[in-house]
Amino acid sequence: MITEMVAVARYENGTYDDVSKTTSQAFNGQTAQSYEAALIALARAAAETGKVDLATLNCLDPLFASDVRRTAIARWTDLEAIDAGFSARTAADYVRIIGQIGRANGIKTKKWRKNLKRNPFLHDGLASADKMSPKNQRFCERLVHEPADVRTFLTQHLRYQDMAGDILATDKPLPLDALRAARRLGTCAAFAALEIRGAGIRKGSALAAHATGTGQNLLRREAAGKRWFELRIAVKDMKGEYVEMPPIPIHDDKYCGYDVLDWYLQYIRPLFNFANPDWCEENKRARTPYLFPSEQSAAPLRGSVLYKWITRSSADIGLAMSPHNFRHGFATLLLARSWGNRGRAAAYLGCSVRVLDTYYAWLDKRQKLEETQDLLAEALAA
């Protein structure tokens with residue numbers, strides 16, 4: 001029922017074209033999944049607080065009732081207070097999405113939207129959406145202050161490759177735990193190579209990449225004795241206002257971006273059953289075209305799984321981070337050198353300069369403070 005409700009909101013009424021037989025989309029498939037997550041969270045809160053018996057529902061209208069609304073928002077407020085990994089920013093996003101999806105399905109959500117504006121907890125969540133989270137800022141500040149962490153950050157694809165290579169260096173069949181560890185580390189190596197030696201793309205764009213098939217957008221190139229991969233990201237796989245990315249090259253050079261991706265395609269990707277041609281032929285299954293396949297099907301690897309794999313693998317090398325920290329790290333390294341690098345950072349991340357001004361204002365303020373301190377020191381010396 002949640003999927004159906006989100007689908008109704010996804011396609012804009014009155015935009016059907018009878019020639020192409022298409023309807024304009026208000027948001028893409030990746031966004032639809034996050035919208036479903038908001039309604040799942042609402043259903044869970046309603047069930048956990050005893051307001052709704054999910055087993056008896058034949059429609060979702062009861063989830064939008066006033067008593068459920070008040071109870072769900074109060075529960076999310078409590079979760080944030082006990083530091084349960086649930087933030088005001090997430091709650092505000094959920095309330096915004098619930099209002100949008102309900103309204104598109106003919107449900108009155110005016111009071112949800114009023115809460116979003118007037119509830120102090122949700123208001124704080126909205127405000128935090130316009131700046132970097134404290135956790136991400138701490139990660140960026142660590143890169144600014146610790147040169148050793150910068151080296152770890154920029155060479156992690158090689159570290160993951162070495163760790164996976166140690167697991168594969170055996171003539172014996174791999175036990176399941178070792179097989180899964182090799183898949184995890186190899187995937188992290190390839191994803192990091194795309195980010196570090198390609199561009200700071202979002203994880204959704206990477207997980208949508210095709211390594212084979214008619215929709216292939218990771219291509220091998222060779223000219224004048226040089227080799228590189230080229231990743232082409234479709235506009236539909238970009239997020240919101242973010243600008244179209246040009247073809248992204250991953251070159252064969254001393255930073256090993258090409259080498260790591262080539263190794264991943266040869267030795268790691270075939271460890272996933274649905275990317276292994278022999279396994280697919282033997283089991284009469286269609287091969288997955290995705291660069292990063294799921295362990296259980298021909299679908300792409302889920303974003304939540306990549307998140308867990310990156311956080312676990314990065315902790316093993318002493319620099320705990322999430323997939324999105326690649327983007328924050330690149331922007332920090334460029335802007336810490338000079339605030340004038342905003343244009344370069346925006347091009348590398350595929351975003352606007354305005355977004356950088358919003359999220360990295362703390363870094364600009366820090367630079368101005370230090371510059372002022374230097375000027376005062378020079379005045380004192382004079």
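The values are calculated or read from the model by the stated rules, or taken from the named source; none is laboratory data. Only a predicted model underlies this, so the values are computations on that prediction, with no experimental measurement involved. In this analysis, Cβ positions are derived from the backbone assuming ideal geometry, glycine residues included, and neighbour counts consider all displayed protein chains.
The rows are residues; the columns are (1) over 17 Å from Arg184 (Cα atoms); (2) among the aromatic types (Phe, Trp, Tyr).
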residue: Thr288; (1), (2): yes, no
residue: Pro323; (1), (2): no, no
residue: Phe330; (1), (2): yes, yes
residue: Arg354; (1), (2): yes, no
residue: Ala382; (1), (2): yes, no
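Within the range 52-74, the residues that satisfy the criterion of being crowded, with 18+ Cβ neighbours inside 10 Å and not aliphatic (A, V, I, L, M) are Phe64, Arg69, Thr71. Taken together, the criteria exclude Ser322 from residues that are surrounded by fewer than 21 Cβ atoms within 10 Å (Cβ to Cβ), touching a residue at least 24 places away in the same chain (Cβ under 8 Å) and closer than 24 Å to Leu231 by Cα.
Among the residues of the range 336-382, write down those that are β-branched (Val, Ile, Thr) and either within 21 Å of the chain's Cα centre (by Cα) or within 26 Å of Pro249 (Cβ to Cβ) (or both).
Selection gives Val353, Val355, Thr358.
From the list Ser338, Ser294, the one residue that fits, being under 20 Å from Arg202 (Cβ atoms) and surrounded by fewer than 20 Cβ atoms within 10 Å (Cβ to Cβ), is Ser294.
Of everything listed in (1) more than 19 Å from the chain's Cα centre (by Cα); (2) surrounded by fewer than 12 Cβ atoms within 10 Å (Cβ to Cβ); (3) of a type outside the set (Val, Ile, Thr); (4) under 19 Å from Glu195 (Cβ atoms), the single unmet condition for Ala315 is (1).
Number of residues in the range 50-99 that are small (Gly, Ala, Ser) and either more than 22 Å from Val6 (Cβ to Cβ) or touching a strand residue (DSSP E or B) at 6+ places or on another chain (Cβ under 6 Å) (or both) equals 8. Within the range 251-266, residues that are farther than 13 Å from Gln161 by Cα reach partners that are surrounded by fewer than 21 Cβ atoms within 10 Å (Cβ to Cβ) and among the acidic types (Asp, Glu) with beta carbons closer than 7 Å, at six or more positions or on different chains, in the pairs Asp252/Asp259. For the range 155-167, the criterion of being within 30 Å of Ala211 (Cα to Cα), of a type in the set (Val, Ile, Thr) and not assigned by TED's automatic domain parsing to the domain that holds Thr71 is met by at least one residue.
Yes/no per residue for (1) outside any helix (DSSP H, G or I); (2) buried (at least 23 other Cβ atoms within 10 Å of the Cβ):
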{"residue": "Asp171", "(1), (2)": "yes, no"}
{"residue": "Leu179", "(1), (2)": "no, no"}
{"residue": "Leu185", "(1), (2)": "no, yes"}
{"residue": "Ala192", "(1), (2)": "no, yes"}
{"residue": "Ile196", "(1), (2)": "no, yes"}
{"residue": "Ile201", "(1), (2)": "yes, yes"}
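The set of residues in the range 222-277 being modelled with pLDDT under 75 and on the phi < 0 side of the Ramachandran plot consists of Ala234, Val235, Lys236, Asp237, Met238, Lys239, Glu241, Tyr242, Val243, Glu244, Met245, Lys254. The sole residue among Thr214, Thr152 that is crowded, with 16+ Cβ neighbours inside 10 Å, of a type in the set (Ser, Thr, Tyr) and not assigned by TED's automatic domain parsing to the domain that holds Thr31 is Thr152.
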